[in-house]
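Below: the structure, in structure tokens.
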């Protein structure tokens with residue numbers, strides 16, 4: 001892979017994030033059942049943005065680009081929504097800090113990221129999310145036969161998810177994930193900007 005490389009270090013970080021994501025889940029021996037509404041036959045479960053979340057899953061990597069047909073393993077830690085306007089109608093606009101990693105199992109581009117995530121309950125168990133982060137990757141800057149030309153070592157990381165609250169603790173979501181240096185939107189010093197589009201399925205555990 002061309003350019004500066006620290007794939008082993010990024011892989012170790014992603015693995016550490018995955019282990020950290022698993023520890024609270026393994027420790028939760030007494031998983032609570034779904035919170036019931038006044039009618040026990042119709043449980044009411046809503047995503048709670050004021051809790052911590054650990055998430056893990058897998059992404060189809062580089063769809064539509066030269067790094068396609070590979071897989072990323074993802075681990076992520078999400079903090080509660082920042083303590084502003086909890087009782088206000090605009091509280092949905094207050095972000096949740098999050099940090100995570102994408103480790104490619106075939107030696108293509110891996111990345112770690114951190115930034116802001118917005119969680120919005122939609123209807124009953126369904127919720128939507130959007131995120132905007134900074135990221136650092138170990139991929140190629142100039143590209144190759146099976147390497148995307150990413151231009152800069154530091155990238156923007158953005159995307160969105162549609163999720164479903166299975167219980168008060170567990171959720172599942174489908175996620176679109178994009179890595180890019182944003183050259184078309186921002187005045188960056190990067191010469192190349194192919195970017196990466198990843199599509200994944202993840203599970204979350206809230207506590």
Practice task
Determine whether the range 61-78 contains at least one residue that is surrounded by 18 or more Cβ atoms within 10 Å (Cβ to Cβ), without any contact (Cβ under 8 Å) to a residue 24 or more places away in the chain and part of a loop (DSSP other than H, G, I, E, B).
Solution key: no
Practice task
Within the range 139-166, track down each residue that is outside any strand (DSSP E or B) and either within 15 Å of the chain's Cα centre (by Cα) or at pLDDT 95 or above (or both).
Solution key: 166
Handout entry: Yes/no for residue 138 being out of contact with any strand residue (DSSP E or B) (no Cβ under 9 Å at 6 or more places or on another chain), under 21 Å from residue 64 (Cα atoms) and in contact (Cβ under 8 Å) with a residue 24 or more places away in the chain
Key = no
Exercise for the section: Determine whether residue 144 is surrounded by fewer than 15 Cβ atoms within 10 Å (Cβ to Cβ), more than 20 Å from residue 56 (Cβ to Cβ) and without any contact (Cβ under 8 Å) to a residue 40 or more places away in the chain. Expected result: no
Problem - residue 147 on the phi < 0 side of the Ramachandran plot and out of contact with any strand residue (DSSP E or B) (no Cβ under 8 Å at 6 or more places or on another chain) - result: yes
Practice task
Identify, from the list 77, 92, 59, 131, the residue that is more than 18 Å from the chain's Cα centre (by Cα) and on the phi < 0 side of the Ramachandran plot.
Solution key: 92
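The values are calculated or read from the model by the stated rules, or taken from the named source; none is laboratory data. Small disclaimer: the values here were computed from a predicted structure and weren't measured. Every residue, glycine among them, receives a Cβ derived from its backbone with ideal geometry; neighbour counts consider all protein chains shown.
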